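For reference, the structure discussed in these notes is given below.
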2 protein chains.
Amino acid sequence: MKEKTFLMIPGPTPVPQSVLQASARHPIGHRSPEFSQILREVFLDLKEIFQTKNPVFVYAASGTGAMCGALENVLNPGDRVLCLVIGNFGERWVKIAKSRGAMVEVLQADPGEVIHPKDLESMLQKFPDTKAVTLTHSETSTGAANDVKSLCAIIQKSGALAIVDGITSLCAMPCKMDEWGIDILVSGSQKGFMLPPGLAFLSASKKAMEAREKCLYPSFYFDFLAHQKALEKNTTPYTPAVNLVFGLHEALKLLKEEGIEKINARHKRFALSLRQAIRAMGLELFVKEDKNASFAITSILPPSGIDVPSIRRVLKEDFDVLVANGQNALENKIFRIGTLGYVCERDLISAVAALEATLYKLGHSFALGSGVKTLIQNLKNT
Amino acid sequence: MKEKTFLMIPGPTPVPQSVLQASARHPIGHRSPEFSQILREVFLDLKEIFQTKNPVFVYAASGTGAMCGALENVLNPGDRVLCLVIGNFGERWVKIAKSRGAMVEVLQADPGEVIHPKDLESMLQKFPDTKAVTLTHSETSTGAANDVKSLCAIIQKSGALAIVDGITSLCAMPCKMDEWGIDILVSGSQKGFMLPPGLAFLSASKKAMEAREKCLYPSFYFDFLAHQKALEKNTTPYTPAVNLVFGLHEALKLLKEEGIEKINARHKRFALSLRQAIRAMGLELFVKEDKNASFAITSILPPSGIDVPSIRRVLKEDFDVLVANGQNALENKIFRIGTLGYVCERDLISAVAALEATLYKLGHSFALGSGVKTLIQNLKNT
């Protein structure tokens, strides 16, 4: 039943019908007063989600575009950059920084683990000329989440720029740009924002804007200054993705209705309850400790004797639930369940029930019903 | 009647209902076999529109993004670039080239005029170390169109890369990438492709791919190599704008049904007939000679005593037709009517009739009916 496939992956995430409908309107002139009014509201609402007083730029791009924008506005060849890597998306910062000719130092955690504040402190002592530190909040490839608040406090003390990938964390986890001292925060539309992919968001602090002034070859397409100048007039420097912005306008209304605190709490409750349910089914979590777990995505090891492709195939073919495989070295080693964005309790309960049915079909020995039971209990009590 | 507003601007252009509907489907996994199948067909069909054997990359970006991609894959700081400028979008190439530290030479034509092949020859003789020449096919800001075929023949002889902005020309005018020796050709979704904005397209010749190999700081997001590698596996290196790709898939079916030759012919017939109708109403065209005119966009001088804002206001408020103002120095000096993309004869006739009614209301003295009459005659005879 192809049309019924339900996405429990870390993006694209499910999109509300009203958002899809808004994005299917006939386009209007992107320099018209009507469109400027929409952008005005969008720019305002995004600041609430980012928890910042800084402007938030809207790019026609995917999240990687905003990551490029983050580095291509502040780095010059030869600048030292420290990349905190806990998985593939942390590694992406390394590649982008290298593409700009930066001197890249890497502080790496084992897959499933996170960066320890003390290790960051040591690295910054070793390399006091570090201009920028990149970090991933929720690492989609492993399901681990860094303690951004503690790490950014250390980075701020060093004077370096704190550049945070909030692509799958925004909405799913508290991420307080101004309070935590994040200098550049990026995200993407197909995640907690409940939109299809194609928009990326970036907010830059005053310190980051000052670094932009000293950038020799700033990105033209992602240029902070061009976007800031346009934003002040409620427009964009280049043609915006008009229909996706219609969708964003609608999605932000829904997000405001629920409120960022409640949205954060829902994601936490879902992710932690799911983790308990997984344990109850006798499966092992890839991120061992709940305190290191992302609330956007949960990575699970298959039981011995059953392989990941079989689990994903049965889930999709028999139950129309799409979950993600591991990436690169983790391919076929883990599978990942997204609980990000437009996901309700029924979706989560259905997914766990379908996973139970799948494991049962594939011969995993466990107390049938234990997953759903544990999930329901945890959802009630947390 | 806000909902009835009809776009006769150079983009966004009207979008067929079936394309809007396709783009309002629930997103699917962008690494799923179903989505790869869609991309496979899209990549194949785009080559027909670009008239090339080279792969065509699909970016989640607006047209300016692809222009950045074009230069950010081949230029190194200090490289000499010759920019042929006939308006604002030609000027954009200058800005992007400078943002990469290139030495930029400019060959400029007066607004409304085009580049003469002999002037290009002289410039290339003066600067034999020119690495790349940028040119605009259809210059949206003035309505003039360069003779890309002749210009590219000269560029090819010089050994430089011929980099063409086909953003508003593709579909509207013949643009034969391989036959004419275009090394990099870019376009955008919200133009002849009958889609909302948010996708950009780029094709690179073998010579351009070789230049990429020597690029010191290639763009990460728009990287030719990353996109080529992904394309060979019917995927994209970073998350594609899934729903816009659904729309593109549908739009390419419609374009194939009509056929590129017929689509080109329709745009030519519409633009040249419109030009005759404008003359019949006693108005002056900004691009004097038909041989220099774009078939995507027609720029018109207001009659003396009537200003551009009044014409645009009455057209929009009373007749729900949106036409474009001039840009920058041409603001309020000209108005521009787009005949690009999903425009049928009825739309064109309606627009001219509405323009007649507008001019009549505003007191322009002319033979009422002459515009529509001339248009109908020309549409029949051409």
What single numbered condition from (1) aliphatic (A, V, I, L, M); (2) in a loop (DSSP other than H, G, I, E, B); (3) surrounded by fewer than 22 Cβ atoms within 10 Å (Cβ to Cβ) fails to hold for B:Leu195? (3)
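In the range B:1-13, how many residues are modelled with pLDDT of 90 or more and more than 7 Å from chain A (Cβ to nearest Cβ)? First the steps, then the outcome.
Let us first name the residues in the range B:1-13 that are modelled with pLDDT of 90 or more, namely B:7-9, B:12-13.
This time we only want the ones that are more than 7 Å from chain A (Cβ to nearest Cβ), so: B:8, B:13.
Of the residues in the range B:1-13, 2 are modelled with pLDDT of 90 or more and more than 7 Å from chain A (Cβ to nearest Cβ).
Name the one entry in B:Asp307, B:Asp318, B:Asp290 that is surrounded by fewer than 17 Cβ atoms within 10 Å (Cβ to Cβ) and under 23 Å from the mean Cα position of the chain (by Cα).
Details: B:Asp307 fails: under 23 Å from the mean Cα position of the chain (by Cα); B:Asp318 fails: under 23 Å from the mean Cα position of the chain (by Cα).
The match here is B:Asp290.
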So, of the residues in the range B:43-53 that are surrounded by 18 or more Cβ atoms within 10 Å (Cβ to Cβ) and among the aliphatic types (A, V, I, L, M), which turns out to be nearest to B:Glu261 (Cα to Cα)? B:Ile49
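Answer yes or no as to whether A:Ala162 is more than 14 Å from every other protein chain (Cβ to nearest Cβ), buried (at least 24 other Cβ atoms within 10 Å of the Cβ) and either modelled with pLDDT of 95 or more or closer than 19 Å to A:Met67 by Cα (or both). Steps first, please.
Working: more than 14 Å from every other protein chain (Cβ to nearest Cβ): yes; buried (at least 24 other Cβ atoms within 10 Å of the Cβ): yes; either modelled with pLDDT of 95 or more or closer than 19 Å to A:Met67 by Cα (or both): yes.
Taking the combined requirement at face value, the residue satisfies it.
Go through B:Arg25, B:Arg40 for me and flag whichever is at the interface with chain A (Cβ under 9 Å from one of its Cβ atoms) and surrounded by fewer than 24 Cβ atoms within 10 Å (Cβ to Cβ).
On the way: B:Arg40 fails: at the interface with chain A (Cβ under 9 Å from one of its Cβ atoms).
Exactly one of B:Arg25, B:Arg40 is at the interface with chain A (Cβ under 9 Å from one of its Cβ atoms) and surrounded by fewer than 24 Cβ atoms within 10 Å (Cβ to Cβ), namely B:Arg25.
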Within the range B:281-307, residues out of contact with any strand residue (DSSP E or B) (no Cβ under 6 Å at 6 or more places or on another chain) and not hydrophobic (A, V, I, L, M, F, W, C) come out as B:Gly282, B:Lys288, B:Glu289, B:Asp290, B:Lys291, B:Pro302, B:Pro303, B:Ser304, B:Gly305, B:Asp307
Would you pick out the residues in the range A:110-143 that are of a type in the set (Gly, Ala, Ser) and touching a Ser or Thr at 6+ places or on another chain (Cβ under 9 Å)? A:Gly112, A:Ser138, A:Ser141, A:Gly143
Could you tell me which numbered condition A:Gln228 fails, if it satisfies all but one of (1) part of a helix (DSSP H, G or I); (2) buried (at least 19 other Cβ atoms within 10 Å of the Cβ); (3) among the polar types (S, T, N, Q)? (2)
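Got a number for residues in the range A:161-180 being within 22 Å of A:Phe222 (Cα to Cα) and not in a strand (DSSP E or B)?
Taking the range A:161-180 first, the residues within 22 Å of A:Phe222 (Cα to Cα) are A:161-170, A:177-178.
Then drop every residue that is not not in a strand (DSSP E or B), which leaves A:166-169, A:177-178.
Here the count works out to 6.
Kindly provide the set of residues from the range B:25-46 that are hydrophobic (A, V, I, L, M, F, W, C) and modelled with pLDDT of 95 or more, ordered by number.
Keep residues of the range B:25-46 that are hydrophobic (A, V, I, L, M, F, W, C), which gives B:28, B:35, B:38-39, B:42-44, B:46.
B:Phe35, B:Ile38, B:Leu39, B:Val42, B:Phe43, B:Leu44, B:Leu46 - these are the residues of the range B:25-46 that are hydrophobic (A, V, I, L, M, F, W, C) and modelled with pLDDT of 95 or more.
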List every residue pair whose Cβ atoms lie under 9 Å apart, where the two residues are 6 or more positions apart in sequence or sit on different chains, the first residue falls within the range B:338-364 and is within 15 Å of B:Glu258 (Cβ to Cβ), and the second residue, located anywhere, is among the basic types (Lys, Arg) and not in a helix (DSSP H, G or I). B:Leu340/B:Lys191; B:Gly341/B:Lys191
Return the total of residues in the range A:232-285 being touching a Phe, Trp or Tyr at 6+ places or on another chain (Cβ under 6 Å) and away from chain B (no Cβ under 14 Å). 5
Being of a type in the set (Gly, Ala, Ser), more than 21 Å from A:Ser62 (Cβ to Cβ) and touching a helix residue (DSSP H, G or I) at 6+ places or on another chain (Cβ under 6 Å) is the requirement here; does B:Ala109 meet it? no
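Select from the range B:181-192 the residues that are in a loop (DSSP other than H, G, I, E, B) and within 14 Å of another protein chain (Cβ to nearest Cβ) and list them in ascending order. First the steps, then the outcome.
Looking only at the range B:181-192, we keep the residues that are in a loop (DSSP other than H, G, I, E, B), and these are B:181-183, B:189-192.
Those that are in a loop (DSSP other than H, G, I, E, B) and within 14 Å of another protein chain (Cβ to nearest Cβ): B:Ser189, B:Gln190, B:Lys191.
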Of the residues in the range B:16-61, those that are of a type in the set (Ser, Thr, Tyr) and either out of contact with any helix residue (DSSP H, G or I) (no Cβ under 8 Å at 6 or more places or on another chain) or under 29 Å from A:Ala66 (Cβ atoms) (or both) come to B:Ser23, B:Ser32, B:Ser36, B:Tyr59
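Is it fair to say B:Ala241 is crowded, with 23+ Cβ neighbours inside 10 Å, touching a strand residue (DSSP E or B) at 6+ places or on another chain (Cβ under 7 Å), modelled with pLDDT of 95 or more and not assigned by the TED database to the domain that holds B:Arg212?
On the way: crowded, with 23+ Cβ neighbours inside 10 Å: yes; touching a strand residue (DSSP E or B) at 6+ places or on another chain (Cβ under 7 Å): yes; modelled with pLDDT of 95 or more: yes; not assigned by the TED database to the domain that holds B:Arg212: no.
Against the criterion (crowded, with 23+ Cβ neighbours inside 10 Å, touching a strand residue (DSSP E or B) at 6+ places or on another chain (Cβ under 7 Å), modelled with pLDDT of 95 or more and not assigned by the TED database to the domain that holds B:Arg212), B:Ala241 does not qualify.
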Given (1) crowded, with 23+ Cβ neighbours inside 10 Å; (2) away from every other protein chain (no Cβ under 11 Å); (3) under 17 Å from the mean Cα position of the chain (by Cα); (4) among the aliphatic types (A, V, I, L, M), A:Leu82 misses just (3)
Any residue at all in the range A:301-321 that's on the phi < 0 side of the Ramachandran plot, at pLDDT 95 or above, touching a Ser or Thr at 6+ places or on another chain (Cβ under 7 Å) and not in a helix (DSSP H, G or I)? no
Scope the range A:5-35; condition farther than 20 Å from A:Lys256 by Cβ, in contact (Cβ under 8 Å) with a residue 40 or more places away in the chain and among the polar types (S, T, N, Q); matching residues: A:Thr5
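The values are calculated or read from the model by the stated rules, or taken from the named source; none is laboratory data. None of the values given here were measured: they were computed from a predicted structure. FYI the Cβ positions are ideal-geometry reconstructions off the backbone, even for glycines, and counts take in every protein chain you see.
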